[in-house]
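Working notes for the structure below.
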Amino acid sequence: MFRLAKEVWNEQTAETTEKDRYQNIIFFPIGEPNPYVQFFTGQSYLAPLSDKQVPVYNVTFEPACRNNWHIHHSDNVGGQMLICVGRRGYYQE
């Protein structure tokens with residue numbers, strides 16, 4: 001399963017921008033500009049990974065981008081699970 005995922009998401013992008021160079025060294029796709037701009041200071045990107053059972057998304061932050069504190073209520077869309085795959089992130093329970 002891991003090998004298949006690596007093949008699917010390991011496509012090289014022509015390196016013309018810093019974002020393209022970064023995409024070529026990470027496992028998950030960066031995606032498109034995040035439509036939830038009201039919750040961010042700076043640029044972030046959102047890439048859907050799966051919509052089966054539990055929706056899974058990759059969120060990529062440009063340098064100095066910050067996410068404003070907000071709540072994902074579990075009775076609304078099942079809450080939120082955060083998995084940090086690079087650098088450092090802070091959260092509050």
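The values are calculated or read from the model by the stated rules, or taken from the named source; none is laboratory data. Small disclaimer: the values here were computed from a predicted structure and weren't measured. Heads up, the Cβs are rebuilt from the backbone with ideal geometry, glycines too, and the neighbour counts pull from every protein chain shown.
Can you tell me which of (1) under 13 Å from the mean Cα position of the chain (by Cα); (2) modelled with pLDDT of 85 or more is the one Val85 doesn't meet?
Checking Val85 against (1) under 13 Å from the mean Cα position of the chain (by Cα); (2) modelled with pLDDT of 85 or more, the one that fails is (2).
Could you list, in sequence order, the residues of segment 53-79 that are surrounded by 10 or more Cβ atoms within 10 Å (Cβ to Cβ) and modelled with pLDDT under 70?
Matches in segment 53-79: Val77, Gly78, Gly79.
Please identify the pairs in which a residue from segment 50-71 that is on the phi < 0 side of the Ramachandran plot has its Cβ atom under 8 Å from the Cβ atom of a residue that is assigned to a loop (DSSP other than H, G, I, E, B) and loosely packed, with under 10 Cβ neighbours inside 10 Å, counting only partners at least 6 apart or on another chain.
Taking only residues 6 or more apart or on different chains, the pairs are Val54/Met81; Trp69/Gln92.
For segment 35-52, give me each residue that is modelled with pLDDT of 90 or more, assigned to a loop (DSSP other than H, G, I, E, B) and more than 15 Å from Ala64 (Cα to Cα).
Correct list: Pro35, Tyr36.
Spot the failing condition for Glu32; the list is (1) at pLDDT 90 or above; (2) over 21 Å from His72 (Cα atoms); (3) exposed (fewer than 10 other Cβ atoms within 10 Å of the Cβ), and only one is missed.
Among (1) at pLDDT 90 or above; (2) over 21 Å from His72 (Cα atoms); (3) exposed (fewer than 10 other Cβ atoms within 10 Å of the Cβ), Glu32 violates only (3).
As an exercise: evaluate Gln23 against (1) over 12 Å from the mean Cα position of the chain (by Cα); (2) at pLDDT below 90 and give the number of the one condition it does not meet.
So Gln23 meets the others, but not (1).
Between Gln43, Gln38, Gln53, which is closer than 27 Å to Glu18 by Cα and more than 14 Å from the chain's Cα centre (by Cα)?
Testing whether each residue is closer than 27 Å to Glu18 by Cα and more than 14 Å from the chain's Cα centre (by Cα) leaves just Gln38.
Looking only at segment 56-81, which residues are under 10 Å from the mean Cα position of the chain (by Cα) and of a type in the set (A, V, I, L, M)?
Once the filter is applied, which keeps residues that are under 10 Å from the mean Cα position of the chain (by Cα) and of a type in the set (A, V, I, L, M), segment 56-81 yields Val56, Val59.
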